[in-house]
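The values are calculated or read from the model by the stated rules, or taken from the named source; none is laboratory data. None of the values given here were measured: they were computed from a predicted structure. Using ideal geometry, Cβ is built from the backbone for each residue, glycine included, and neighbour counts are taken over all protein chains shown. Keep in mind that these areas ignore ligands, DNA and RNA; they rest on the heavy atoms of the full protein, side chains included. Shrake-Rupley method; radii C 1.70, N 1.55, O 1.52, S 1.80 Å.
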Amino acid sequence: MSEIELSTEVRNFLNQRHDHFIGGAQHPNNGSATIAVVNPANGKTIAEVPNAGSTEADAAVTAAREGFQAWRRVSPAQREIILRALADRIEANRETLAQIETSQSGKTIQMARAFEVDQAVLFLRYYAGWAQRINGQTMQPSIPSMNQEQYAAFTRREPLGVVIGIIPWNFSLMIAIWKLASALVTGNSVIIKPSEYTPLTMLKLAELATDVGLPDGALNVVTGGGELGQTLLEHEGSDKVSFTGSIPTGRQVGSTAMKSDLTRVTLELGGKNPMGFLPDVDTDKAADGIIEAGFLHSGQICAAAENFFVHRSRFDELMEKLSQRLNQFKIGSPMDETTDFGPVSNAEHHEKLASFFQQATDHGNTIVHGGHTLDQPGYYVEPTVFIAKSIDDPLATHETFGPIATFLPYDDEDELIAYMNHGPYGLAASLWTENISAAMRLIPEIQAGTVWVNMHTILDPTVPFGGVKSSGIGREFGDAFIDDFTELKSVMIRY
């Protein structure tokens, strides 16, 4: 049997009472309000988590402020040891976390293991390695001396305080690690608010983090809906918010943060990410790349490709090969290790994708493959390929955040670049060609925070990631995150 059974540990975890994690301990909700966590593979409730209000938000911020005072005084070397210990805990509980994640998000068990958990461990260890390498600079001022006095100057990096991490539902553990690791390694405390659809992996992580050496309050996890995020943002004790999600919500988050005593923000927002295929492209590699870029985790990846621009001379050939690949897809249970394509993550998103299918039909777009929801329990849709009439078609301009690939032929490089830069988005893009010289010539013309060549979606902790235009503010990964999670203090001395 390729369908795996939930472990006893996972079943016990799902059935237990779930509380917030505040101040280093389980923290019951003030009231009985709960949120149901639903398995998207069958539509059944698998757990309930507390729906926090202002009382829990106040408690979390108070605990985080106390935790910050303790954590900021922990030596960089000890911070690294503690974060590495947490990474070891995650790695040791790989299968448990993966099964919980698949149960709540619908991503295939293979992806939950290899991407959600393994990449979380990889990124956490990378961030831990920065603990002893966050430095200032020394400068030699040119201030004229009046009485033989001299001057020296230096800068130092200091933590901001309490960081609010607001996490989307598509990668609930990995993206949370990006935010909590960025905050903790720079000496901040952090409050994680996971998505109400996928809160369980973070609650399990909080259990794993209890004995690794973090001071009480350095890491807090509070569950709730959008109102909780708003409350945390507006709280006078919050110093920074790191948000990953949609552009409309990101704009609201940024506006609220600015009105709340200029709270610092990092916004990693949506994208209508394009792939451009030059005339010399290997169509077999291109078809495999489209599967990787557009249909991994049912397209529910912020950097996933949605618009595909193919030179007219290769268009029909690529459409045929892509159809052959998609016809071989096995759609089914995400707990089946042979499944290629599982459900989308929640009922609301399922309905949204159905509306996009209807919109494409109403608009007269050509359906190459798919275009339907599946009539079965759970939130399943077909991997879908449309051919647009123009770059202004609704499916070519609106982010779907799903397994909907919109194709359009182009005739020359100027038209390709115009298509790739069309609209308000600028998160990521990719070029596919055997001619690296052509790729290097076109890269500066593409308006995106990340440009891949002959690959797409793949992230590495050493390479900064973030968007331009409406797709975000700030960068994650590399050393770029340090600017967003520290305050630069200048010191000048006369002696």
Legend entry - Some residue of the range 59-81 being under 18 Å from residue 198 (Cβ atoms) and either among the polar types (S, T, N, Q) or assigned to a strand (DSSP E or B) (or both): no
Inset, instruction - Among what's in the range 135-191 and is in a loop (DSSP other than H, G, I, E, B), under 22 Å from residue 490 (Cα atoms) and among the hydroxyl-bearing types (Ser, Thr, Tyr), pick the residue that is most open to solvent (accessible area, probe 1.4 Å). - result: 142
Legend entry - Checklist (1) part of a strand (DSSP E or B); (2) modelled with pLDDT of 95 or more applied to residue 367, failing item: (2)
Inset, instruction - All but one of (1) over 29 Å from residue 451 (Cβ atoms); (2) open to solvent by 10 Å² or more (accessible area, probe 1.4 Å) hold for residue 292, so report the exception by its number. - result: (1)
Inset, instruction - Considering every residue within the range 230-239, establish whether at least one is out of contact with any Cys (no Cβ under 6 Å at 6 or more places or on another chain), at pLDDT below 95, crowded, with 24+ Cβ neighbours inside 10 Å and assigned to a helix (DSSP H, G or I). - result: yes
Inset, instruction - Look through 355, 313, 323 and report the one residue that is open to solvent by less than 40 Å² (accessible area, probe 1.4 Å) and either small (Gly, Ala, Ser) or assigned to a loop (DSSP other than H, G, I, E, B) (or both). - result: 323
Inset, instruction - For residue 200, work out the one condition from (1) within 26 Å of residue 78 (Cα to Cα); (2) surrounded by 24 or more Cβ atoms within 10 Å (Cβ to Cβ) it doesn't fulfil. - result: (1)
Inset, instruction - Identify the residue in the range 386-432 that is among the polar types (S, T, N, Q) and under 19 Å from the mean Cα position of the chain (by Cα) and, among all such residues, is surrounded by the fewest Cβ atoms within 10 Å (Cβ to Cβ). - result: 400
Legend entry - Of residues in the range 240-267 being among the aliphatic types (A, V, I, L, M) and in a helix (DSSP H, G or I), the one farthest from the chain's Cα centre (by Cα): 258
Legend entry - Breaking point among (1) of a type outside the set (Asp, Glu); (2) at pLDDT 95 or above; (3) part of a helix (DSSP H, G or I), for residue 377: (3)
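Can residue 439 be described as at pLDDT 95 or above and outside any helix (DSSP H, G or I)?
No; evaluated as a whole, the condition is false for this residue.
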Inset, instruction - Sort out which residues of the range 192-212 are over 16 Å from the mean Cα position of the chain (by Cα) and either in a strand (DSSP E or B) or of a type in the set (D, E, K, R) (or both), and write them in order of number. - result: 204, 207, 211
